Amino acid sequence: MKKSKKPASFNWTPYWLILPTLLYLAFFFAWPMFQALKLAIWEDNALLRLKDSVNSSRFTVSLAQGTLVDIIKDETVALSPEELAGAQAGIERWYLLEFTGDSGPLQAWAPESRIRLPENTEAIGALAPVLATVRSKIGSSDPLTSVYVSPDDNSEVISKLAARTEVRVVEGVGLEHWYLIHPKNTPNKQGWASANMLQIYNDQSARIDRGNQGQFTLKFIQKMFNDRFFRPALLTTLLLTLLIIPVQFVLAIIMALIIQSRIKGSGLFLYIFAIPLGVSELAVGILFFAIFTQNGLLNSSLESLGLIAKPITFLSADNKTGIIIAIWLAEIWRATSLVMVIVVSGLQAISDEILEAAEIFGAGLWQRVRFVILPLLKPSLQVALILRTILALQVFAVVVALSGGDVVSVLANESFRQYSDLRNYNVAAAYAGLILLISMVSAVIYLRTLRAHEEAGL
Amino acid sequence: MIDVVDDLSQSRDIAPAFLATGLLGSEDFLYYVPWMQATYIMAANKAALAYLPEGVDLNALSWQELADWCEVMLERTDSPKCGLPHGGLFHRFLEGYLFPSFTGGMVSEFKSESAADMFAWVKSELWPSIHPQSISYEFMQEPLLAGEVWVAFDHTARLLNAFNAEPDNFIAFPAPAGPAGRGFMPVIVGLGIPSTAADPQAAKSLIDYLTQPETQGKVLNALGFFPVVGGVDTSDLPVGIAIEAGAVNAQANAADAIPSLLPVGLGSRGGEINQIFRNAFDRIVLEDQDIRMVLDEEGANLQTLLNETGAPCWAPDSASQGPCQVN
C-alpha cells in the first residue's frame, strides 16, 4: 500500500532546507556584495535627462553632470498648494505682504528668504493671514529689503522695508523655475531642466550640477590605477604575502609535528602556540610597535645588555625595510597558529598504521615527513594556503599601527584611506574589488596546481 | 540661521566679518553661525633667537630669512632645528601659506611658473634644514617641548601646550612672507542646523549656549580656539594663549597679509584637494620627481576635482563664473 503511493508524492523536504540557504545567500551575501561592487563601476546621478517641455513626461537628451550649457529661455511655473506640500528643494516661495507705507496701507511681494514667519507656521502656499517680520540682512551694503509689485525680483520695486518691520502675510505662492538649455556649441541637443538641477551663472549660462540617472563608468577604476599610492600598495601587499606565507608554513608544520610527537607534555604546546589566535590584529600591531619604537622594549633591552650605545631607529620614514620587517615579524607571530591548527587537524587524520608501516620499512623522520606526511597533508595545506593568502591580502591593522599607513601602505589601507580620509566611496569599492579579485585568482590557482600534482602523484 | 542670529544678536555681539563668511557668497542665506576661530602661526624656542641672522625682524620675517635661519642653526648646532607637521595639518601649510606667499593664489596658480620656482626653492633651500622626523610630526608642541626642534609651524591649538607649559621659553610670531605677500589661513568653525533636524529648537539652544561669552571664554581656555563674540573675559587666560594672541593679531593685521580660505564648495570631497597638494609636495621634494611633470599631473587632477564639484574660486583666487580654473 505505502510503496505504491510513494512515487506519486514529491519529496519536498530537501528543497525546504535549501530555501533558507538560498535566502541567506541572496540577502546577506550576494545583495550587499553586489551593491558594494556596483559602487566601483556605477556612477549615480551621472546624467540629467532633459524634458521636451516643462509639463511633458517625454525626455529629449541626457547630458552629463558638469556640462556647461547655454540658457535659451526660462519659464516660471506656479505650483498648486498640493504640489507645494510634496515639493522638495529648489522651490522659490514668495509672500504677498500688507504693510503701512508712507501714504497709507500697501501690498507687495517679497521672497521667502526675506520674511520671518512666526514659528510653527506651515510655510506653504495657501496660508491664513499671519503677522510676520522682515528679516535683517547680514554683510550686505543695503540693509533694506526690497518688495516687489509681483513675485519676481526683476519686477518693479514698490518699497524698501527696514529690518524687523511688522508686516501681514496675506498670500503665498511657490514657483518653480525651468530652463531650456543646450550644451555650449551644440544647439541641437536641447531640452528643459528645473532650476534645482542647475548651477546658474549670470551670463545666460549654467552648469549641470547634478543628474537624475546613473551610468556605467570605468573612471573610478582608472582613478585607482592613477592613484599615487596604488603601485606601492599593490607591490607591498604582494611582497608581504610572498614573505609571510612560506615562513608560516614551515613554522606551522614544525609546530604541528611537535604537538603530534607524543612526547610527554607536547599537548601543552598546542595551548601555548594558540595564544596569538586570541589577540586582535590591531593589538598585535600596537604590541610590535611598542617593541620596535625608539625607546621600545627591543632598544631598551639591547641597551641594558650593553650591546648598543644609543637607541636604533627601526621604524622611521626613510627606513621602509625596517617597517616591512616589523610587519613581517608581527604577522608571523600573529597568524602562524591559524595554519598550525589546520595542519594539526590534518595530521590527526593520518592513520597510525601508515606511519608505522613507513617506520617498519626503515624510513627515517625526514623521509617520513617528506614522502608520507606531506603528501597526505596536501588537502589541509591547500585549505590553509587559500585562507592564509586571503588573510595576507587583507592585512591592514598591523600595517597602520607600525607605519601610520603613509610610509608603507597596503591595498586594504588604500581602500580605507579612500573611504575615510578622501570620502571617495567609489574608489574605495574599486580597491575592495581588486582585493577580492586577487584573492579569487590565487584561490583558483592553488586549487588547480595542487590538484594536478595530486593526480600526477597517484 | 538668520533668525537664530537675529535672536542671538539681542544678547551678544557676533563679529560681523565672521558672520558674513557664513553666507558662503550667497545674498541672504546664512549657512552657519560662527562659533570659534583659529589660525596657524610660528613658534620658536628662545634658544633659537641667538642664531637669528642680524637685522631680521621676527614679525616681518620672509621665507628666505626663515630658511637662512634654519640653515645657520643646522650648521652651528649640528642638528636640524626647524620642524613642520608633515604628519599633521601640512596641507594647510601648502594651501594657505606657501602657495599664497609665493604665487598670490592657491588653486589658480597651482602649476604656474612661480609655483615651480617655489617648489624648487623649498627643495633646495628650506627642506634640507628641516628636521627629518617632520615626516611623522602631527602636533608640533611635542617636539618643541622635547627640544627636538626649536622653530615650528602649526595650528594654534597644536602649539598651545608648549606655550602653556613653558611660557618663558617659547615665543610666537607670524608666518613668513614670500614674493607675493604673507599668506595665512584664518579658520572659522561654524554651527549649522540641518533642515531635516529632528529638534531644531534644541539645536538653537545649544548654539545659544556655545556662543555665550562665558562659554567662548572656556573654549579659548581649554582649546586655544579664539572667540567670535565680543565681551569675552580675558583677564584669567592661560599664559600660552596671550602669547599666541599677539602673533595671531600681528599676522592678520600685517600690511602684506593674504588671507586664504579653507577650500570651499567641494562638498564631501574636501579631503581630495588636500591629498593633491600633499602629493605635489611629496613627489617633488621627498621623491625627487620632475617639478613640471608633477605640477602638470596633479594640476590636471585638481582641475578634474573642481570640474566635477563645480566649485568656484575662493580667496585668495579671484572669484570665478563656473568651476575654478587652474591656469
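None of the figures in this text is laboratory data; all of them are computed from the coordinates on show. Model, not experiment: these values are computed from the prediction. Glycine also receives a Cβ, built like all others from the backbone with ideal geometry; neighbour counts cover every protein chain displayed.
Structure data summary
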| read-out | value |
| --- | --- |
| Relative contact order [Cα under 8 Å, 6+ residues apart], the range A:215-328, whole percent | 16 |
| Tensor-based shape of chain A (alpha-carbon gyration tensor, a/c under 1.5 rounded, otherwise prolate or oblate) | prolate |
| For the range A:270-351, convex hull volume per residue from C-alpha positions, Å³ | 124 |
| ³J(HN,Hα) computed for each position of the range A:398-407 - Karplus, 6.51 cos²θ - 1.76 cosθ + 1.60, integer Hz, glycine/proline x | 4, 5, 4, 5, 8, 10, x, x, 10, 6 |
| About the Cα centre, charge dipole magnitude for chain A (Lys/Arg +1, Asp/Glu -1 at Cβ), debye | 2020 |
| Theoretical gain in end-to-end length, A:Ile72 to A:Asp102 [0.36 nm per residue, Cα-Cα removed] | 6.7 nm |
| Gyration tensor (alpha-carbon) shape descriptor, chain B, a/c threshold 1.5 | oblate |
| Kirkwood-Stokes translational diffusion coefficient of the protein assembly as shown, alpha-carbon pairs, 37 °C, 0.692 mPa s, µm²/s | 102 |
| Gyration tensor verdict on the range B:210-321 (Cα atoms; rounded if a/c is under 1.5, prolate if a/b is larger than b/c, oblate otherwise) | prolate |
| Sum of side-chain charges, B:Pro213 neighbourhood, beta-carbon under 14 Å (Lys, Arg +1; Asp, Glu -1) | -3 |
| Sites B:Gln325 and A:Ser56 - FRET efficiency at Förster radius 30 Å, r taken between beta-carbons, to 0.05 | 0.25 |
| Coil-residue trypsin sites (Lys or Arg not before Pro) of the range A:19-119, DSSP, other Cβ within 10 Å capped at 16 | A:Arg58 |
| Nonlocal amide H pairs with A:Arg423, under 5 Å, H built at 1.01 Å | none |
| Taking the convex hull of Cα positions in the range A:153-196, its mean projected area over all directions (nm²) | 5.7 |
| Cα centroid separation, the range B:111-136 to the range A:164-186 (Å) | 51 |
| A:Leu238-B:Ser235 pseudo-label distance in nm [points 7 Å out on the Cα-to-Cβ vector] | 7.0 |
| Sum of side-chain charges, B:Leu52 neighbourhood, beta-carbon under 15 Å (Lys, Arg +1; Asp, Glu -1) | -3 |
| Cβ-Cβ FRET estimate between A:Leu297 and B:Ser205, R0 fixed at 51 Å, reported to 0.05 | 0.50 |
| Net charge contributed by nearby residues that have their C-beta within less than 13 Å of A:Val343 (K/R +1, D/E -1) | +2 |
| Where chymotrypsin sites (Phe, Trp or Tyr not before Pro) fall in DSSP loop in the range A:338-410, at most 13 other Cβ within 10 Å | A:Phe361 |
| Relative contact order of chain B, defined on C-alpha pairs under 8 angstrom at six or more residues apart (%) | 26 |
| Compactness of the range A:211-352 - radius of gyration and Dmax, Cα, Å | 21.2, 73 |
| Cα centroid of the range B:172-240 to Cα centroid of the range A:252-309, whole Å | 49 |
| Cut-off under 5 Å, modelled amide H: who pairs with A:His182 long-range | A:Asp70, A:Ile72 |
| Normalised contact order of chain A, rounded percent, pairs of Cα under 8 Å and 6 or more residues apart | 17 |
| GluC sites (Glu not before Pro) lying in DSSP loop within the range B:5-112, provided at most 16 other Cβ fall within 10 Å | B:Glu27, B:Glu54 |
| Peptide A:395-406 - average C-beta neighbours from other chains (10 Å radius) | 1 |
